[in-house]
Amino acid sequence: MIDAKYIELINREIDGVNSHKEGAKLKEYLAKSPEAQKLYNELATVSNVLKKVTIIEPSPNLRKTILNSLPSGKYTARERRKLFMPRMGVLFGAYKLRYAYALVAGIVIGFVAYSIFDVERSTPSDFSTLYGAMLSHESALSFETAYNEQVILDELEGTLEIKYAEGVVVAELDLQSQQEMEIVLEFDENDLGFLGFGQFKGSKSSVGVDKNNVRLRNMGENRAVFMFTDKTRSISPLNVKIFTAGALVYEKSGPTGRNED
Amino acid sequence: MKEDTDIILVRHCLNGNNRAFESIVDKYEKPVFNAALRIINNYQDAEDVTQSAFVKAFEKLTTFNPRYKFFSWLYRIVVNESLNFVSQRKRLVELNTDLVSREKTAEEAYDDIETSQQVQVALMDLKVEHRVVIVLKHFQELSYTEISQILDISEKTVKSRLFTAREQLRTRLLKRYGKND
């Protein structure tokens, strides 16, 4: 039976926190007690095995997800109040009065500049930029199909269609799945800009948008339309990926236009 | 010094410099995630907990007392978030080994994966309070004092849980790895 105080010394030795004196005392005891030596050896083995456990990388998007989740604005609400709404007694102090004058001056300059430089806004001749908020299936634009595919898999089935018109790209998915699926559309943000999303069928979805991808998570019947501005008219591909139960089951890179030749 | 840097970053953040909090995230994202992962044993859930821990840290930054170490305060948040998650989600999901680092040779990677799997299985057999001290001591390499501050328990309790957890891991792991490694 190993004395409890030596069990502690053994564990502290594993942790490297024994003093020189404690280490020497333990060493002397281990030399006399095979049982204690066995315990020390085995705990050292456990420690070494734990050291072999690999550090796992979080997904590359986690950092962005964290930063995007932070409360909007540079400060917490308390800090915002503290910095921009000083107490009344301080406001009239000479030290703070300078800032009040600067604030008023800035507002006046802003009004003057706006009245001088206000640009007459022209009514756009096309309404493609309104698609993000006012999705209508009857389009003022003439869409052509760049890509159309029937998707038939064990996990899901339906259709994927990519259409284009003047300055606009639309990806329309009509899919059915018995399990939750995640649809990811990846694009080059220099060529395409995400405008908006419309859902015609299906239960409520969660939608996530990043600089160069948009994600929809849903289950069951799903008819959804994703709209993009075509910035460069360069037929930049739109990559469509579909995941079910975390596994990629479908991937296609569809064109966003048609080659002239 | 590490601690002074963290406190400087916190002060900058409280003065409105959000880039300072980005630096904090960059510095602690991986260790926080790995701590959550080893407690929760699910990659996606660990990411979710990591996210909520950093958000909570950001929201409560004004409550941080600079007399203490920032990472101890941050770890307390992530451990609490992880424990709350575990208490709500009773099911165990296998760690996705596809996501283990692949920077080594195929044989080394396989060995690492196998070791990590064996360890994770053994860890999940422990009571969660024992698992947490193993994670904080062996994976985060924190001292007894730091762990006691994070978990708000005495150092004596930290050692008691740690030594008990090691004893239990000894039984499980030595079947695979033998008595001397």
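Quick notes on this structure:
- Residues in region B:150-161 that are more than 14 Å from chain A (Cβ to nearest Cβ) and touching a Leu at 6+ places or on another chain (Cβ under 9 Å): B:I150, B:L151.
- Residue tally, condition surrounded by 15 or more Cβ atoms within 10 Å (Cβ to Cβ), over 19 Å from the mean Cα position of the chain (by Cα) and closer than 24 Å to A:Q178 by Cα, over region A:206-240: 5
- A:L135 at pLDDT 85 or above, surrounded by fewer than 19 Cβ atoms within 10 Å (Cβ to Cβ) and either of a type in the set (G, A, S) or in contact with a strand residue (DSSP E or B) (Cβ under 9 Å, 6 or more places away or on another chain) (or both): no
- Region A:21-56, residues that are within 51 Å of the chain's Cα centre (by Cα), open to solvent by 70 Å² or more (accessible area, probe 1.4 Å) and not charged (D, E, K, R): A:I55
- Total residues in region B:36-47 satisfying the condition of being within 9 Å of chain A (Cβ to nearest Cβ) and open to solvent by 10 Å² or more (accessible area, probe 1.4 Å): the figure is 3.
- Within region B:107-149, the set of residues being more than 11 Å from chain A (Cβ to nearest Cβ), among the acidic types (D, E) and open to solvent by 30 Å² or more (accessible area, probe 1.4 Å) comprises B:E107, B:D125, B:E129.
The values are calculated or read from the model by the stated rules, or taken from the named source; none is laboratory data. Keep in mind it's a predicted model, so treat the numbers as computed, not measured. Don't worry about glycine lacking a Cβ; one is built from the backbone with ideal geometry, like all the others, and counts go over all protein chains shown. Protein only, heavy atoms only, side chains kept; ligands, DNA and RNA dropped before computing areas. Shrake-Rupley method; radii C 1.70, N 1.55, O 1.52, S 1.80 Å.
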